[in-house]
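The structure under discussion appears below in the form of structure tokens.
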Amino acid sequence: MPSPELLTEELDRLLSFAARARRDDGGFGYLAADGSLDPERPRETYVTARMTHVFSLAVLLGWPGADELARHGVEALTGPFHDAGHGGWPASPDGDDTKAAYVHAFVVLAGASAASAGIPGGAALLADALSVWDGHFWDDAAGMAVEEWDRGWTTCADYRGVNANMHGVEAVLAAADALSSDRAGELRRRALRVLERVVHGEARARDWRLPEHFDAAWTVLPEYNADRPSDPFRPYGVTVGHQLEWSRLALHTRAVLGTDAPGWLLADAAALYAAAVDRGWRADGHDGFVYTLDWSDRPVVAARMHWVLAEAIGAAAVLAHVTGEARYDDDRRRWEEHAAAVFADDATGNWHHELTPDGRVGTTTWSGKPDAYHVAQALVLPRLPVRGSVAAGVRAALRGDRDPSGG
């Protein structure tokens with residue numbers, strides 16, 4: 001039975017929009033600005049993994065038709081998207097053989113959410129994805145994940161990235177919630193190690209300006225992609241939305257560590273959130289969060305990305321749950337009102353993915369509306385108790401559990 005408190009009309013419309021991405025040849029495709037499927041664009045593994053995660057959440061929420069869509073995603077990730085010869089998942093089954101940590105983190109997340117929702121094949125997908133993550137991406141000496149390999153796992157790129165590690169934290173927290181075993185504790189400790197290095201180390205040392213790009217020795221590359229500042233995955237400078245996302249993930253980690261959680265997780269989450277809001281909101285004089293800042297807090301790419309606002313909503317909601325402070329709820333409502341006023345597209349049910357500073361649809365970094373992941377989580381997180389993962393929060397909310405993570 002659907003939960004009206006969680007499965008809101010806005011989320012129902014978003015899921016109906018996302019369902020159009022289903023492809024008969026496997027997985028989920030790219031949706032154009034009008035919500036139509038673009039069959040000419042190659043399928044991307046991370047998109048199919050994100051959609052599988054979203055539809056697994058929809059199964060838990062009781063959304064009609066979600067079971068088939070989640071199964072479709074699992075079958076794609078265990079079938080045509082999977083590299084049967086070398087193991088793991090290429091960036092695309094339609095021509096890009098790169099084996100990227102970013103992509104594999106989302107496959108772990110998809111497997112974890114599908115397993116939590118009881119989707120056939122979900123537990124096996126999670127086990128396989130974790131095995132690949134452990135065997136090829138996790139560098140235990142560094143306490144971080146490496147970035148990418150070639151198809152045959154023979155050459156590891158020298159670049160190291162924080163974006164992939166951030167989604168790796170999200171993924172292993174979700175996996176831990178799905179496993180409920182001794183392995184869960186190990187995965188949560190890994191998440192803490194990454195957070196300690198990235199947030200408590202790199203970001204804190206730079207007054208909460210979080211560096212994204214490193215070489216193989218984990219030396220910061222501050223000018224990386226200065227000539228390509230609008231890159232969708234590796235932009236130059238400080239990425240405001242990632243600081244908001246890291247803030248939220250620190251609190252999810254704190255929630256599941258319980259009495260073993262170090263005090264800095266809450267303090268650092270609040271500081272990172274404050275820096276992102278104070279420096280990123282209206283940085284150019286217009287309402288909205290800019291995409292990136294330079295190291296002196298000046299806007300580099302002033303485009304407004306939908307996912308940045310979605311992460312602001314999620315971070316504010318989780319901070320409000322954990323601290324009980326009304327100012328975070330006030331922020332959350334402000335971001336939601338801004339989303340409704342300028343990002344929401346009533347014609348499709350999704351949000352515009354990129355806007356110019358004056359509110360027009362932009363396409364500098366993103367065209368179309370391929371992603372339901374960030375918006376779906378922004379719509380449910382304010383209504384959930386804080387757990388390690390969104391799926392665990394949904395399950396707890398449906399049971400009527402109280403939030404144990406306050407204070």
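The values are calculated or read from the model by the stated rules, or taken from the named source; none is laboratory data. Given the structure is predicted, the values throughout are model-derived calculations rather than measurements. Calculation scope for accessible area: heavy atoms of the full protein, side chains included, ligands and nucleic acids excluded. Shrake-Rupley method; radii C 1.70, N 1.55, O 1.52, S 1.80 Å.
Looking at the calculated P(r) for the stretch 350-407, what percent of the C-alpha pair distances fall above 15 Å? Percentage above 15 Å: 59.
Can you tell me the accessible area per residue over the chain, all protein chains present, probe 1.4 angstrom, in square angstrom?
Normalised by residue count, the accessible surface of the chain is 36 Å².
Counting pairwise Cα distances across the stretch 164-234, what percent come out greater than 21 angstrom?
Working: 955 of 2485 pairs.
Cα-Cα pairs of the stretch 164-234 separated by over 21 Å account for 38 percent.
Taking 10 °C and 1.306 mPa s as conditions, the stretch 227-270 diffuses translationally at an estimated 134 µm²/s according to Stokes-Einstein applied to its Kirkwood radius (Cα pairs). Translational diffusion coefficient of the chain (Stokes-Einstein, Kirkwood radius from Cα pairs, 37 °C, 0.692 mPa s): 157 µm²/s. Largest GNM mean-square fluctuation across Gly62, Gly241, Gly135, computed for the chain with C-alpha springs under 10 Å, falls on Gly135. Taking Ala396, Ala310, Ala114 as the candidate residues, the one with maximal mean-square fluctuation in a Gaussian network model of the chain, Cα springs under 10 Å, is Ala396. Equivalent ellipsoid of the stretch 216-295: semi-axes from √(5λ) of the C-alpha gyration tensor, largest first, are 26, 18, 10 Å.
Between the amide H of Asp96 and any residue lying 5 or more places away or on another chain, no distance stays under 5 Å, with hydrogens modeled in the peptide plane.
Could you work out, for the stretch 81-151, what percent of all Cα-Cα pairs fall into each 5 Å distance bin, beginning at 0 Å and stopping at the bin that holds the largest distance? Distribution as computed: 4, 18, 26, 24, 18, 9, 2, 0 percent.
Using Stokes-Einstein with the Kirkwood hydrodynamic radius over Cα pairs, what translational diffusion coefficient do you get for the stretch 165-321 at 4 °C and a viscosity of 1.567 mPa s, in µm²/s rounded to a whole number?
Working: Rh = 16.0 Å.
It diffuses with D of about 81 µm²/s by this estimate.
As an equivalent ellipsoid, the stretch 1-147 spans semi-axes of 26, 19, 13 angstrom, where each value is the square root of five times an eigenvalue of the C-alpha gyration tensor, largest first. Note on the stretch 77-234: with neighbouring protein chains present and a 1.4 Å probe, carbon and sulfur make up 48 percent of its accessible heavy-atom surface.
Considered as an equivalent ellipsoid built on the Cα gyration tensor, the stretch 1-63 has semi-axes of 23, 13, 8 Å, the largest given first. Take the Cα radius of gyration of the stretch 252-320 and divide it by 2.2 N^0.38 Å, N being the number of residues; the result is 1.28.
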